[in-house]
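The values are calculated or read from the model by the stated rules, or taken from the named source; none is laboratory data. Model, not experiment: these values are computed from the prediction. So basically every Cβ, Gly included, is an ideal-geometry build from the backbone, and we count neighbours across all protein chains shown. Just the protein is used for accessible areas: all its heavy atoms, side chains included, with ligands, DNA and RNA removed. Shrake-Rupley method; radii C 1.70, N 1.55, O 1.52, S 1.80 Å.
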Amino acid sequence: MELWFTELQKPGMKISCKVLQTLHREQTPFQEIVLLDTVQFGRMLVLDGAVQVTLLDEFVYHEMLAHVPLHAHPAPKDVLIIGGGDGGTAREVLRHTELESVTLVEIDRRVVDVCRRFLPELSCSYDNPKLQVHFEDGVEYVKNKKACYDVILVDSPDPVGQAARLFSAEFYRAIFEALRPDGIFAAQTESPFVDAELIGRVYRDANRVFPITKLYQAVVPTYPTALWTFTVGSKRYDPETCLRKPLFEDDLRYYNADLHQASFKLPNFVKKLLR
Ligand code: AG3
């Protein structure tokens, strides 16, 4: 018997993959968590039916979300990650040994528990003493912080249900306040092929708050349409042109200094969304 998992990515669009085994499945107060072992993509984390991580391509997303803003800041010390309970973003952030503290705020404790058990490749970061984890709502957490982070990364699911608040103008204003005077933030912002309106709206909202706002892109094959964007807002440094020399490029599978700059070069149809 063949077992297939299908994600309904959009009302008219699906992606399917052949499943070797369902490793875990539970409903938490926040969402349904599913952990699959698949033929083509290896282990896969699925939240409320949407693929979050696969072992095949998670490195692209996590390296790009973390290393672009972190290399654009000349001397980051304190980093905040909102979401990212699988640990992949924290793993990349913690490669920057100059950091003093990394705080991760995840709403669903069970995501961390399940990923610690089934995705050690990502959740290895939880053993690092520099990482502090808070299980609470990221939006509420940020509201109470003033000028205490150098870099803030928003590693959210799609803007559906509760997570939609992580894509709001109000949240970007709170992030601005939580950053130091030369702080930088980056967020995952979906696909320009199927989320064009969202990308334009997020860009304009962030741009109202941050003096420098830019979009950069990467290819994540298991996400809708594979072409993925990240929006970065910066108070002082232009993330496209200011960058430190990467010290651990050989350990990475996607990010490098050339790609850092190249990822900001956008196709015309994407540039148009930002007008
Ligand atoms: N967060 C972004 C996942 C978006 C995928 N969307 C979808 N499959 N419909 C990933 C979190 C990884 N730390």
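All of (1) within 23 Å of L122 (Cβ to Cβ); (2) in contact with a helix residue (DSSP H, G or I) (Cβ under 8 Å, 6 or more places away or on another chain); (3) surrounded by fewer than 21 Cβ atoms within 10 Å (Cβ to Cβ) hold for A186 with one exception: (3).
Taking the conditions exactly as written (assigned by TED's automatic domain parsing to the domain that holds S234, within 10 Å of the ligand (Cβ to nearest atom), surrounded by fewer than 23 Cβ atoms within 10 Å (Cβ to Cβ) and of a type outside the set (F, W, Y)), does P157 satisfy them or not? Taking the combined requirement at face value, the residue satisfies it. Against the conditions (1) within 13 Å of the ligand (Cβ to nearest atom); (2) touching a Phe, Trp or Tyr at 6+ places or on another chain (Cβ under 8 Å), V19 satisfies every one except (1).
Let's see how each residue does on (1) more than 23 Å from A178 (Cβ to Cβ); (2) in contact with a Pro (Cβ under 6 Å, 6 or more places away or on another chain); (3) away from the ligand (no atom under 15 Å from the Cβ); (4) touching a residue at least 40 places away in the same chain (Cβ under 8 Å):
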position: Q9; (1), (2), (3), (4): yes, yes, no, yes
position: M13; (1), (2), (3), (4): yes, no, no, yes
position: D37; (1), (2), (3), (4): yes, no, yes, no
position: V51; (1), (2), (3), (4): yes, no, no, yes
position: E92; (1), (2), (3), (4): no, no, no, no
position: L119; (1), (2), (3), (4): yes, no, no, yes
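Quick check on my filter: what residues within the range 194-234 are surrounded by fewer than 21 Cβ atoms within 10 Å (Cβ to Cβ), within 13 Å of the ligand (Cβ to nearest atom) and within 22 Å of H260 (Cα to Cα)? Passing the criteria: P221, T225, A226, L227. Annotation note: of D127, D113, the sole residue that is closer than 23 Å to Q31 by Cβ, open to solvent by 10 Å² or more (accessible area, probe 1.4 Å) and of a type in the set (D, E) is D113.
From (1) touching a Ser or Thr at 6+ places or on another chain (Cβ under 9 Å); (2) more than 15 Å from the ligand (Cβ to nearest atom); (3) open to solvent by 30 Å² or more (accessible area, probe 1.4 Å), pick out the condition that doesn't hold for D78. It fails just one condition, (3). Restrict the check to the range 135-151 and report whether at least one residue is of a type in the set (K, R), in contact (Cβ under 8 Å) with a residue 40 or more places away in the chain, outside the structural domain of K10 (by TED's automatic domain parsing) and surrounded by fewer than 18 Cβ atoms within 10 Å (Cβ to Cβ). Yes: the range 135-151 contains one or more residues that are of a type in the set (K, R), in contact (Cβ under 8 Å) with a residue 40 or more places away in the chain, outside the structural domain of K10 (by TED's automatic domain parsing) and surrounded by fewer than 18 Cβ atoms within 10 Å (Cβ to Cβ).
For (1) under 12 Å from the mean Cα position of the chain (by Cα); (2) within 10 Å of the ligand (Cβ to nearest atom); (3) in a loop (DSSP other than H, G, I, E, B), each residue gets a yes or a no:
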| site | (1), (2), (3) |
| --- | --- |
| L70 | no, no, no |
| P74 | no, no, yes |
| I82 | yes, no, no |
| R95 | no, no, yes |
| L99 | no, no, yes |
| T103 | no, no, no |
